[in-house]
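S.K.: Let me give you the structure first, and then I'll get to my questions.
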Amino acid sequence: MLSRLLLALLITTTIAQANYKFASPVASIESTERGALVTCTDGVTLELKFFTPEIVRITVVRPDDPESLLGEALVLAPDSGVLLNRTEESDYIELSTGKYTVRLDRDSLHLSWYIPSAGVTYLADDPAMAYGFDGNEVRTWKKLAPGEKFFGLGLKGGGLDRRGRELVLWNSDTPGYQDSSDPLYQSVPFYIGLRDGIAYGVFFNNSYKTRFNFGAGQQRYSSFAAEDGPMDYFVIFGPTIKEVVTRFTDLTGKMILPPLWSLGYQQCRWSYYPESEVRTLAQTFRDKDIPCDVIYLDIHHMDGYRVFTFDSTRFPDPEKLFSDLGKDGFKVIPIIDPGVKADWEYFMASEGLAGGHFVKFPDHSVHIGEVWPGQSYFPDYSNPKTRAWWGKHVAQFRKRGVRGFWNDMNEPACWGQAFPLETIFNDNGLNSSHKKMHNLYALHMAQATYEGLLKEFPNERPFILTRAGFAGMQRYAAAWTGDNVASEDHLELGIRLMLSMGLSGQPNIGMDIGGFMGTPSPELFVRWMQVGAVSPFCRTHSHFGSNDKEPWSFGENNEAIARKFIKFRYELLPTLYTLFQQASVTGEPIWRPMFYEFQNDPKCYDWAYQQQFMLGENILVAPVTRVGQYTKKVYLPEGRWLDWNTKRVYDGNQEIIVDAHLDWLPMFLRDGAVIARREAQDYSDQSPMKELTLDIYTYGRRSHSQFQHYEDDGTSVAYQDSAFNRTDYNAGNAEGFHQLFRYKHTANYSAPDSKLTIRWWDVVKTPTDIMLNDKPIELTDARLLYDPDRKLFEISLPSAHQFNKLEFMSQSQQLYYMK
């Protein structure tokens, strides 16, 4: 006991000379309802509070630090029913929920988290440097374990594992960024650690510029620090990555369920104008039989770059344009930048000045920066009154016929890349500097847009797209990866960025297909379109003055391939929409790194396979990202996998080489997969589904597999009052006995009936003992088809609603499976 105290005193004395001041020894420890309050001899306090049985909040406060804790990212209230077991020893105190334990040393602020049943410590403070301060900076150090991995932090380049890197979180406009560029547009101060096979999460609840060091330049520690603000963070227990992500989104909020039409293909460029060009674009999509739901209007639709206006020459009657396009299924989304042109005769400028809605300097003069309109004011969205004012104008613009809003330049960006740090924001009456509010700017802007739309259109789901963001942005908006480049490297980088955003709580993520800057080769555009076709957010975009990047811009053969994959996306909408609904409830990503589903497979972490990903839990996608590559090396994790293109079956736990023709996307169904498709159409809500197709592959990996087909009206918020259908399709295969059950779990939405086609793959012997809805049926029935060459058993039924059950026998042949 005495030696530990002397060590703590010695460390505090010697290391303080290196600028950082570390907390003094512990003076007292007080038990609280959900944890403990520790007070040091220098007045520094550490509060340990169990938010839930799996989430612990740690808050370290200096006696001279009055700053309040950040609330913008948090939606979860503390669970008052957490039951704690307390153990007090002479040199430590332990608090345990049974699943895991937090140990607090009596002599220092050193904390450690471990699992009693396994005897494994998965997170621990550095014994000599737990918490320190350097001026306003706050920092904590954690012991770095051999082989420990780190994922997350939102939009970050490089490999998905951040080990060995130091990364900065400060939302930045970085056009044409590279793999090593840091920081980028979005800041999510949350990471997932993986130590000894156990996953945990850390969310640093601080919006100042922060730095995360994961063993960069040394092998002793990982650390995170902020230039100012509180040392307030949450430790989230797994032990799986999946559970960590789900609990993080419990804490910061789930993705909003977007309107169905926003899952369709979207076309954008800087810029489509005048009106005649927009009409021609829309008509060309329909003439060429290429589905499309959304057309974007970039900055040239505005009157002198004034937000919430139209150029009267280029767009003389926008309401009629939007109405005409709407009749053919097109929705129009305009860009909305925060910069308000400093023009007293402009209604947004005059109203904003009169209402005190713009960011100011400490002397109360209004800040004027330069961006697209020239000299501009910047709304202070941290002021509730300003959010209401901005939201009112958003709603008025929606009434003119636009269907969504594209928030850009919201880092906030300005010419010179230096928004003044000394500017003051309302911050709900706290009057905080830009240092604190910078990373929150886009979040507050999206909140203003979202709340304004819901206030005026309470039964309509808003659709907002944002470039910048912070933790919790998923509650308001979809996101994309910013101003990328038309290159093979950027296609690969975009995949990793999207996977990282999914791990960071944002499932609705995409990248500019074809690259925003530059022009891809025709082949690269096709490969990019294949990736986009299965992306959560699917939009093509291009830079001002660049070559065209419409699906028909690269020759007839490539147009045909682009059409094929855009139509495939529309066929896949029942599966995609179900994944979106599940993500809105669970917080799970739609795109997932393979290690998300196969955490204990070391191969899934390899750099070579970080461009492979899971679409949901049952589809593995291994896209081709290099021009001239017509075979693909693929790693298949454990289980058995059905090649979507060839219908060959492979054992898992091996690398394989597959054909990757230019019109093929290498894709594999996991054993137990049930994939739902429908017929393609011009736009997502053109007509009710006429035919539901279920592609099933079951070898017997699970006792049963399930697809939960989700349906609602696609646009309203009535689903929040249970106005939806959830139909469960449960499939299984036990020693050749195949079964498929349909169970109507929830039926509060009146969906029209449709045909049903069941396509059961890898049926290697002729089906026998066939039972349909508990009635025997012969293979000669016109509704049944067995193709022995493709090993396909197909059943076509006139009514999906009347189907309940299918059973048949077909023994497996082990020799068929590829080794």
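S.K.: Where residues in the stretch 741-765 are within 12 Å of residue 727 (Cβ to Cβ) and outside any loop (DSSP other than H, G, I, E, B), which of them is most open to solvent (accessible area, probe 1.4 Å)?
M.R.: 743
S.K.: I'd like the full set of residues that are assigned to a strand (DSSP E or B) and exposed (fewer than 15 other Cβ atoms within 10 Å of the Cβ), limited to the stretch 652-690.
M.R.: First pass over the stretch 652-690, keeping only residues assigned to a strand (DSSP E or B): 654-659, 667-670, 673-677.
If the condition is that a residue be assigned to a strand (DSSP E or B) and exposed (fewer than 15 other Cβ atoms within 10 Å of the Cβ), then 655, 657, 659 are the ones that fit.
S.K.: Filter the stretch 220-263 down to the residues that are β-branched (Val, Ile, Thr) and open to solvent by 20 Å² or more (accessible area, probe 1.4 Å), then identify the one that is farthest from residue 133 (Cα to Cα).
M.R.: First, the residues of the stretch 220-263 that are β-branched (Val, Ile, Thr): 235-236, 240-241, 244-246, 249, 252, 256.
Cutting the leftovers down to open to solvent by 20 Å² or more (accessible area, probe 1.4 Å) gives us 240, 246, 256.
On the way: 240: 33, 246: 32, 256: 38 Å.
Of everything passing the filter in the stretch 220-263, 256 is farthest from residue 133 (Cα to Cα).
S.K.: Also, I was wondering about something else. In the stretch 529-562, what count of residues is obtained for those that are surrounded by fewer than 24 Cβ atoms within 10 Å (Cβ to Cβ), within 25 Å of the chain's Cα centre (by Cα) and in a helix (DSSP H, G or I)?
M.R.: 1
S.K.: For the stretch 118-143, which residues satisfy the criterion of being open to solvent by less than 20 Å² (accessible area, probe 1.4 Å), under 29 Å from the mean Cα position of the chain (by Cα) and not small (Gly, Ala, Ser)?
M.R.: Scanning the stretch 118-143 gives 122, 123, 138, 140, 141, 142.
S.K.: Another question, if that's okay. Only residues that are free of Cβ contacts under 8 Å to residues at least 24 places away in the same chain and assigned to a loop (DSSP other than H, G, I, E, B): list them for the stretch 119-134, please.
M.R.: Result: 119, 127.
S.K.: Which residues, counting only those in the stretch 796-807, are open to solvent by 40 Å² or more (accessible area, probe 1.4 Å) and either at pLDDT below 95 or assigned to a loop (DSSP other than H, G, I, E, B) (or both)?
M.R.: Residues of the stretch 796-807 that are open to solvent by 40 Å² or more (accessible area, probe 1.4 Å), as a first pass: 796, 798, 801-802, 804-805.
798, 801, 802, 804, listed by residue number.
S.K.: State all residues of the stretch 773-795 that are part of a strand (DSSP E or B), in contact with a Ser or Thr (Cβ under 9 Å, 6 or more places away or on another chain) and open to solvent by 50 Å² or more (accessible area, probe 1.4 Å); if no residue qualifies, say none.
M.R.: Kept after step one, since they are part of a strand (DSSP E or B), are these residues of the stretch 773-795: 775-776, 784-787, 792-795.
Okay, now just the ones that are also in contact with a Ser or Thr (Cβ under 9 Å, 6 or more places away or on another chain), so 784-786, 793-795.
Across the stretch 773-795, the qualifying residue is only 785.
S.K.: When residue 217 is evaluated against the numbered criteria (1) under 30 Å from residue 99 (Cβ atoms); (2) surrounded by fewer than 22 Cβ atoms within 10 Å (Cβ to Cβ), which criterion, by number, is the only one it fails?
M.R.: (1)
S.K.: So, restricting to helices (runs of 4 or more DSSP H) that lie completely within the stretch 410-528, which ones have at least 3 residues that are in contact with a Pro (Cβ under 8 Å, 6 or more places away or on another chain)? Working first, answer last.
M.R.: Details: elements: 434-437, 441-456, 488-503.
Of the helices (runs of 4 or more DSSP H) lying wholly inside the stretch 410-528, those with at least 3 residues that are in contact with a Pro (Cβ under 8 Å, 6 or more places away or on another chain) span 441-456, 488-503.
S.K.: Right, another one. All but one of (1) more than 22 Å from residue 253 (Cβ to Cβ); (2) surrounded by fewer than 24 Cβ atoms within 10 Å (Cβ to Cβ); (3) touching a helix residue (DSSP H, G or I) at 6+ places or on another chain (Cβ under 8 Å) hold for residue 484; state the number of the condition that does not hold.
M.R.: (2)
S.K.: Can I ask one more? Any residue in the stretch 734-748 that is under 19 Å from residue 794 (Cβ atoms) sitting within a Cβ distance under 6 Å of a residue that is surrounded by fewer than 16 Cβ atoms within 10 Å (Cβ to Cβ) and modelled with pLDDT under 85? List the pairs, counting only those 6 or more apart or interchain.
M.R.: Every condition considered, the pairs that remain are 736/811.
S.K.: Separate question: Of everything in the stretch 381-405, what is outside any loop (DSSP other than H, G, I, E, B) and either closer than 22 Å to residue 70 by Cα or touching a Ser or Thr at 6+ places or on another chain (Cβ under 8 Å) (or both)? Give them in sequence order. Walk me through it before giving the result.
M.R.: Step one: of the stretch 381-405, the residues outside any loop (DSSP other than H, G, I, E, B) are 384-399, 405.
The answer is 384, 385, 386, 387, 388, 390, 391, 394, 405.
S.K.: Within the stretch 354-377, restricting attention to residues that are open to solvent by less than 80 Å² (accessible area, probe 1.4 Å) and in a strand (DSSP E or B), which residue is nearest to residue 389 (Cα to Cα)?
M.R.: 358
The values are calculated or read from the model by the stated rules, or taken from the named source; none is laboratory data. Keep in mind that what you see is a predicted model, and the values were worked out from it rather than measured. Note that each Cβ is placed from the backbone with ideal geometry, even for glycine, and that neighbours are counted across all protein chains shown. Areas reflect the complete protein model, heavy atoms only, side chains present, ligands, DNA and RNA absent. Shrake-Rupley method; radii C 1.70, N 1.55, O 1.52, S 1.80 Å.
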